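The values are calculated or read from the model by the stated rules, or taken from the named source; none is laboratory data. Everything numeric in this text was worked out from a predicted model, so none of it was measured. Cβ atoms come from the backbone with ideal geometry, glycine included; neighbour counts cover every protein chain shown. With ligands, DNA and RNA removed, areas are computed over all heavy atoms of the protein, side chains included. Shrake-Rupley method; radii C 1.70, N 1.55, O 1.52, S 1.80 Å.
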Amino acid sequence: GAVVSQHPSRVICKSGTSVKIECRSLDFQATTMFWYRQFPKKSLMLMATSNEGSKATYEQGVEKDKFLINHASLTLSTLTVTSAHPEDSSFYICSASHVDEQYFGPGTRLTVT
Amino acid sequence: GESVGLHLPTLSVQEGDNSIINCAYSNSASDYFIWYKQESGKGPQFIIDIRSNMDKRQGQRVTVLLNKTVKHLSLQIAATQPGDSAVYFCAEVRGNTGKLIFGQGTTLQVKP
């Protein structure tokens, strides 16, 4: 149980376009999901906390207008990278809270050309 | 600023040996810590956790030690296997928000 999926697993897009990444809790409901970003050989950096039915809470330094988060249901949160640039290329990972634990998705590799 | 960090970026061990991965944290108010394993291209996987009212917790082949006096965590892996090769992160759970603050990570390499 407690499986989290992400889609797509890999995406390549051109500069200036927008990309949407989905995070789904498959067998549980999650009122809170988290989005992380990870650069190669680096740690996970929390970007934002996504709460179902309300606005996301962004960490300091994360542009909310660039990284749009929507948590419209108890099993789905989406992260949209708007007007993507090569520096947005990264590994994006979501997690969903269930009971007292966070369960992580497999990550999405974004490459902006 | 506050941080959770690791002492060594890479640890190389022989298969069958025990591994010890260390982590230092700076927020003395933290009361819950988690160790994660991350394989290449995948999301983190929960290994073991510990609360501040404990100084040791054991799982299957893994043990976490917590020294609150010096704000230090360690993860011990017994009889390390090739499948243990991965990056290991300690994470501090911040308050009741559930936010995880990750350390820098240690790469564990297991030599056959």
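Tabulated data for the structure shown
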quantity	calculated
Those residues of the stretch B:28-40 which are away from chain A (no Cβ under 14 Å) and either surrounded by 15 or more Cβ atoms within 10 Å (Cβ to Cβ) or not in a loop (DSSP other than H, G, I, E, B) (or both), in sequence order	B:SER30
Qualifying position, being farther than 29 Å from A:THR108 by Cβ and within 14 Å of chain A (Cβ to nearest Cβ), among B:ARG51, B:ARG57, B:ARG61	B:ARG51
Condition met for A:ALA30 (out of contact with any Leu (no Cβ under 8 Å at 6 or more places or on another chain), part of a loop (DSSP other than H, G, I, E, B), within 13 Å of chain B (Cβ to nearest Cβ) and open to solvent by less than 70 Å² (accessible area, probe 1.4 Å))	no
Check on B:TYR25, more than 10 Å from the chain's Cα centre (by Cα) and farther than 24 Å from A:HIS98 by Cα	yes
Filtered residues of the stretch A:61-97 (kept if closer than 14 Å to A:SER5 by Cα and part of a strand (DSSP E or B))	A:LEU76, A:SER77, A:THR78, A:LEU79, A:TYR92, A:ILE93, A:CYS94, A:SER95, A:ALA96, A:SER97
Among the residues listed as B:GLN58, B:GLN14, B:GLN81, the single one being out of contact with any helix residue (DSSP H, G or I) (no Cβ under 9 Å at 6 or more places or on another chain), at pLDDT 95 or above and closer than 30 Å to A:SER5 by Cβ	B:GLN81
Top-ranked residue in the stretch A:69-113 [being within 14 Å of another protein chain (Cβ to nearest Cβ), among the polar types (S, T, N, Q) and more than 20 Å from B:THR97 (Cβ to Cβ); ranked as surrounded by the most Cβ atoms within 10 Å (Cβ to Cβ)]	A:THR108
Meets criteria (over 19 Å from A:TYR36 (Cβ atoms) and either within 14 Å of chain A (Cβ to nearest Cβ) or not in a strand (DSSP E or B) (or both)) for B:ASN22	no
B:SER52 being at pLDDT below 95, loosely packed, with under 12 Cβ neighbours inside 10 Å and of a type in the set (Ser, Thr, Tyr)	no
The lone exception for B:GLY43 - which of (1) in a strand (DSSP E or B); (2) open to solvent by less than 60 Å² (accessible area, probe 1.4 Å); (3) not hydroxyl-bearing (Ser, Thr, Tyr) it fails	(1)
Any hit, the stretch B:58-69, residues being within 26 Å of A:LEU46 (Cα to Cα), open to solvent by 50 Å² or more (accessible area, probe 1.4 Å) and touching a Lys or Arg at 6+ places or on another chain (Cβ under 7 Å)	yes
Unmet criterion (only one of (1) surrounded by fewer than 19 Cβ atoms within 10 Å (Cβ to Cβ); (2) touching a residue at least 40 places away in the same chain (Cβ under 8 Å); (3) within 14 Å of another protein chain (Cβ to nearest Cβ)) for A:LYS42	(2)
Test: residue in the stretch A:1-13 that is at pLDDT 95 or above, outside any strand (DSSP E or B) and farther than 29 Å from B:THR10 by Cα	yes
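Residue-wise test of (1) of a type in the set (Phe, Trp, Tyr); (2) over 21 Å from B:ASN53 (Cβ atoms); (3) in contact (Cβ under 8 Å) with a residue 60 or more places away in the chain.
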{"position": "B:HIS72", "(1), (2), (3)": "no, no, no"}
{"position": "B:THR80", "(1), (2), (3)": "no, yes, yes"}
{"position": "B:GLY83", "(1), (2), (3)": "no, yes, no"}
{"position": "B:LYS99", "(1), (2), (3)": "no, no, no"}
{"position": "B:LYS111", "(1), (2), (3)": "no, yes, yes"}
